[in-house]
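Before any comments, here is the structure.
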Amino acid sequence: MVNGIAILALAAAMASAATASGESPAARAQWPQWRGPLGTGVAPAGNPPLTWSESENVRWKIPIPGQGHSTPVVWGDRVFLTTAIPHGEAIAPQGGQGHGAHDNVQPRTRYEFAVLAIDRGDGSIAWKRIVHEGLPHDATHESGTWASASAVTDGRHVIASFGSSGLYGLTVEGELLWSQDLGDMRILHSHGEGSSPALHGDTVVVNWDHEGGSFLVALDKRTGEQRWRVDRDEKTSWSSPLVVEHDGKAQVVVAATKRVRGYDLASGKQIWECGGLSGNVVATPVAADGIVHVANSYETRAMLAIRLDRAKGDVTGGDAVLWTRDRDTPYVPSPILYDGSLCFLKHYQGFLTCVDAASGATRFGPARLSGIENVYASLVGAAGRIYVVDRDGTTAVVRNGPNLDLLAQNQLDDSFSASPAIAGDELFLRGERSLYCLSARSARP
């Protein structure tokens, strides 16, 4: 595994949801990671268009080589993207782990795993760095890709993960600084990899939950040197780590099947844990105002709101859990946390619910979004609006408010599984074939 909706209380967000390099005002104007500058799906400085089509409000549209469901990340005049490009002659299917073959795709060629830097002004490719070339060791889901983890940047470094095909640190000019091979993941049912790295200060954090020895690892962003590594008693999950700040310290929150856990960013020491989710956790946590929200919806429906000031040790069923919910919760798309409202889709379908983030009280929903069917992209928001993008090219734009208010419905000629990115007045949508830059202005100032 996506810019603002009304203006978020920046001081509160900074205190409780500072992620990636979102500590500075400059970073809050960017989209440095797949869930945005605050890790909530909101871009506080964004004002993207309300309406678009193939002939309206498209600043540029470019073909993207290869395949990938990673989100574009944006800093300054660059858009960074990962992709897996078929390379070489076709080969016989390799077979993978032999699970879930009815809905899997086996690798049938070698791939170039590449990081792209795209000029934000005209969509031209500024540079392309192939960081690895080889045959993926396992299958992926038929709706997945071998480049599904999103990169992260601080405006100087770009960290790109291709999972079992390596973790890479580059400069924003495309110079490869370091690489790390963390091994081969054994994903449940061979359904593919997708957890994105997190970046906070000088520390990169990678979650490695799979059917083998799971772990969480922290690396130096400048050298790739390991700072700490902790084993995790977990099976496969696809959720990305979230870095939050609480009581003057940064901690890493990871949602997974057996437990949601919080770790000290400096040492890797576990601070707290909480049970309550079920298997196949995909949605990434969001946090603000000292509360972490986690959810999933595969075997059972579950959503938890956890107070960080009470989170010590095992908090399952204790007073650190502010509220829970057991219906209409998200599976693939992560929720958005915006201006005190937590909004999410039912499973990956077009039914939207918004609740009060502090109390869990329902504001509206589940409300049917007409024209929205299957959604893998996480919800994003800016300028008082929430954007919901489905896999058939339709985007519903709704007002962030107490009731469902559909403002616009837009259609493009592509399929979208990657989460959107918002920076300034631009909305970036990565489709199966093309990358779109949407803006109500025809040219950048």
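Before moving on, here are some points about what is shown:
- Among the listed values (1) 19.7, 58; (2) 28.3, 93; (3) 22.7, 75, the one computed from these coordinates for Rg and Dmax of the Cα atoms in Å is (1).
- Taken as Cα centroids, segment 363-438 and segment 103-165 sit 23 Å apart, rounded to the nearest whole angstrom.
- Fewest-first sequence of V286, V230, V397, V375 by Cβ atoms within 10 Å of each Cβ: V230, V397, V375, V286
- Cβ-based exposure ranking for V380, V204, in which fewest neighbours within 10 Å come first: V204, V380
- Around Q411: net Lys/Arg minus Asp/Glu count, Cβ-Cβ under 9 Å: -3
- Theoretical ellipticity at 222 nm over the chain - DSSP helices of four or more residues, -39500 (n - 2.57) apiece, nearest 500: -500 deg cm²/dmol
- Each of T300, T395 has some number of other Cβ atoms within 10 Å of its Cβ, and from fewest to most they run T300, T395.
- By the beta carbon rule, with partners counted only under 4.7 Å, the chain holds these lone Cys residues: C274, C437.
- Per residue, the average separation of C-alpha pairs within less than 8 Å and at least 6 apart gives segment 73-215 a relative contact order of 21 percent.
- Working ranking of peptides 189-196, 352-359 by packing, defined as the average number of other Cβ atoms within 10 Å per residue, highest first, is 189-196, 352-359.
- Counted charge near G262, where neighbours are those whose Cβ lies closer than 14 Å (Asp, Glu -1; Lys, Arg +1): +2
- Percent breakdown of C-alpha pair distances by 10 Å bin, ordered from the shortest bin, for segment 33-144: 12, 32, 31, 19, 5
- Label point at S370 placed 7 Å out along Cα→Cβ; residues across segment 394-432 whose backbone nitrogen lies under 16 Å: 394-399, 404-411
Each value in this text was obtained by applying a stated rule to the coordinates, not by laboratory testing. All figures in this text were calculated on a predicted structure; none of them were measured in a lab. Glycine also receives a Cβ, built like all others from the backbone with ideal geometry; neighbour counts cover every protein chain displayed.
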